[in-house]
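The values are calculated or read from the model by the stated rules, or taken from the named source; none is laboratory data. Quick caveat, the model's predicted, so the values are computed rather than measured. Neighbour counts are summed over all protein chains in view; Cβ atoms, including those assigned to glycine, are modelled from backbone coordinates with ideal geometry.
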Amino acid sequence: MRPIASGRNGEYRPTALAFLVLLWIALAVAFGVLVTLIVTIIVEGQGQFTARLFTEYPASSPERAGARPAILGSVWVIGTTAVLTIPLGIAAAVHLEEFADKKHWLNRLVELNVQNLAAVPSIVYGLLALAFLTMMGVRDKNIVIAGALALSLLILPVIIIATREALRSVPAEIRQGSLALGATPWQTVWRQTLPASVPGISTGAILALSRAFGEAAPLLVLGALVFVSFDPNGLLSGYTTLPIQIFNWTGRPQDGFHQLAAATSVLLLVVLIAMNIVAILIRNRFQKRW
């Protein structure tokens, strides 16, 4: 089978040109649909994007409803997820990349499973968390710590993979120089490799948390509340999040709730874009060119 393009003018061959045209058409259609969706949401929700959205509680009337519990619930759940996942993910990645025997069958099996788990649908992690909490005898599963557990399972493989890639980007000469000066392997990792990997680790962690921030399926499996009229105040408190609140409002028949859902979607989109911008800024500001 001949390659699509070869030689000095291979890019002008009919097959290569046809593939390039199809690629650009697919990108244009996808981008057009995305822009149309975003513009539609902004136009529909702009009337409801007021201070009431941030200060009021859900209500039976769209004129009095707000998303305050969902905003606070998202902060609680994502904050707890970060505390549970980031240290564990970094520690696991450091062990697998720096200390584990890569030829041992058990370590190879763990690496294979980590790579596969990163592509598992999010609802599967909700079912896994539900089974674990049931096995532990937890009756009330719609609490902050339970939601954070499900989201932690979701993003842990992503953080491990991102951290390992960041560690691999550090040249071997850095490690060898540190060991040659008498540092132990752990001192080398703690004082040389990890600090040099911070930009990549931070970027991967923020992007993973942004994915968790927009997830609703695992939390709905755990029975997360769709109508909350109080502020979450702890790990054992009931909660709702922005995606769940959007899901609730879009199921209401009144147009006012649909407008609230659109305004909340804009808020969610702004937060996700801001998290991605922070990740890009950290990478560009602190990334080293070896």
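In the set (1) touching a residue at least 24 places away in the same chain (Cβ under 8 Å); (2) surrounded by fewer than 14 Cβ atoms within 10 Å (Cβ to Cβ); (3) acidic (Asp, Glu), Glu165 fails one condition alone, (2). Inspect the stretch 60-69 for any residue being assigned to a helix (DSSP H, G or I) and acidic (Asp, Glu) and give the result as yes or no. Among the residues of the stretch 60-69, not one is assigned to a helix (DSSP H, G or I) and acidic (Asp, Glu), which makes the answer no. Apart from one condition, Gly234 fits all of (1) at pLDDT below 90; (2) buried (at least 18 other Cβ atoms within 10 Å of the Cβ); (3) more than 20 Å from Ile86 (Cβ to Cβ); the exception is (2). Restricting the first member to the stretch 176-192 and to residues that are modelled with pLDDT of 90 or more, and the second to residues that are basic (Lys, Arg) and surrounded by 14 or more Cβ atoms within 10 Å (Cβ to Cβ), the beta-carbon pairs closer than 6 Å and six or more apart or on different chains are Thr188/Arg175.
Which of the residues that make up the stretch 130-152 are modelled with pLDDT under 90 and of a type in the set (Ser, Thr, Tyr)? Within the stretch 130-152, Thr134 is the sole residue that qualifies. Screening Leu133 against (1) assigned to a helix (DSSP H, G or I); (2) more than 27 Å from the chain's Cα centre (by Cα) leaves a single unmet condition, (2).
Taken over the stretch 172-218, the criterion of being assigned to a loop (DSSP other than H, G, I, E, B) and either surrounded by 13 or more Cβ atoms within 10 Å (Cβ to Cβ) or at positive phi (or both) is satisfied by Gly182, Ala183, Gly214, Glu215, Ala216. With respect to the conditions (1) over 30 Å from Glu165 (Cβ atoms); (2) in the same structural domain as Thr250 (by TED's automatic domain parsing); (3) buried (at least 20 other Cβ atoms within 10 Å of the Cβ), Ala131 lacks only one, and its number is (3).
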